[in-house]
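FYI, it's all coordinate maths here, none of it is from the lab. Fair warning: this is a prediction, and the values are worked out from it, not measured in the lab. Neighbour counts are summed over all protein chains in view; Cβ atoms, including those assigned to glycine, are modelled from backbone coordinates with ideal geometry.
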Amino acid sequence: MPLLPDADFIRIDFVDEFAQWKPTGKINVERLANYLVERYTITSNDVLIGHSMGGWVAIYVKQQTGSKTIQISSWTDQRKIRLPIHNLNVLRFLLFSGVTQSRRLTEYFHAKYPFPESAALHRSLMQGMRRMNRRYVYQQLQVLFAKASPLTVAPDLRIHTRRDSIIARPDEAFIEVPGDHFSLVFHPEKVAAAIDF
């Protein structure tokens, strides 16, 4: 944020948002976007910058409000998420049976992680996921993989790397930055330079 032009920034943390929202029943990206639009009174005058899942939510906020949206290492097609399983029923079973947060699986994913630059951050995130509340993890999985209405809008700007092992690069035009999925952490100047309000 310090590298971006002056603005009134609001940082949205999904852990805090889900704790505040306390949704019941099935959810998807549209329900979360609708909640955020109402909670923060988001309008077409706002600019949303979202990384990864944040960019996925941001594009659905744009669909509801017409706000400007900038995606960083994100997607508009759920098939771009590089996970071998996208079926929510299977993912729910694996999560609540303890497999998803097991030491063995998180260590396996970390051992397969190909980028030394962000390996320590990736390990930290994997370890953090093991301690997350399973209900919250399932809410995240629903936002990622539950069916949603087809998008009728596109991001105003896509920023991506060619070396992203978590999200496949867009088929549409994008501004390429160095690094991997965590380019905004390890190459913030390059990412910020690509952003134009």
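Miscellaneous remarks
- Each of 84, 67, 150 was placed along the dipole of the chain (beta-carbon charges, centred on the mean Cα), and the one lying farthest toward the positive end is 84.
- Förster-model FRET efficiency, 41 Å R0, residue 110 and residue 19, C-beta, rounded to 0.05: 0.90
- The charge dipole of the chain, taken about the Cα centre with unit charges on the Cβ atoms of Lys, Arg (+1) and Asp, Glu (-1), comes to about 1120 debye, rounded to the nearest 20.
- Note on the chain: lysine pairs with Cα distance below 21 Å, sequence gap of 8 or more or different chains, count 7.
- Here is the size of the chain from its Cα atoms: Rg then Dmax, 16.6, 47 Å.
- DSSP assigns beta bridges within the chain; of those with both partners inside it, close to 10 percent run antiparallel.
- Distance-filtered residues of the stretch 31-66 - backbone nitrogen under 19 Å, label point 7 angstrom along residue 6 Cα→Cβ: 47
- A Förster distance of 35 Å, applied to the separation of the beta-carbon atoms of residue 134 and residue 64, puts the FRET efficiency at 0.75.
- Each peptide in 140-150, 45-55 gets a packing score, the mean of other Cβ atoms within 10 Å over its residues, and the list from highest to lowest is 45-55, 140-150.
- For the chain, the relative contact order works out to 25 percent when only alpha carbon pairs closer than 8 Å and six or more residues apart are counted.
- At q = 0.15, 0.16, 0.19 Å⁻¹ the log10 of I(q)/I(0) for the stretch 1-108 amounts to -0.78, -0.87, -1.12, computed by Debye summation with a single uniform scatterer per C-alpha, solvent ignored.
- In this calculation the C-beta distance from residue 125 to residue 45 is compared with R0 = 30 Å, giving a FRET efficiency of 0.35.
- Stretchable slack from residue 117 to residue 169, in nm (0.36 nm times residue separation minus alpha-carbon distance): 16.8 nm
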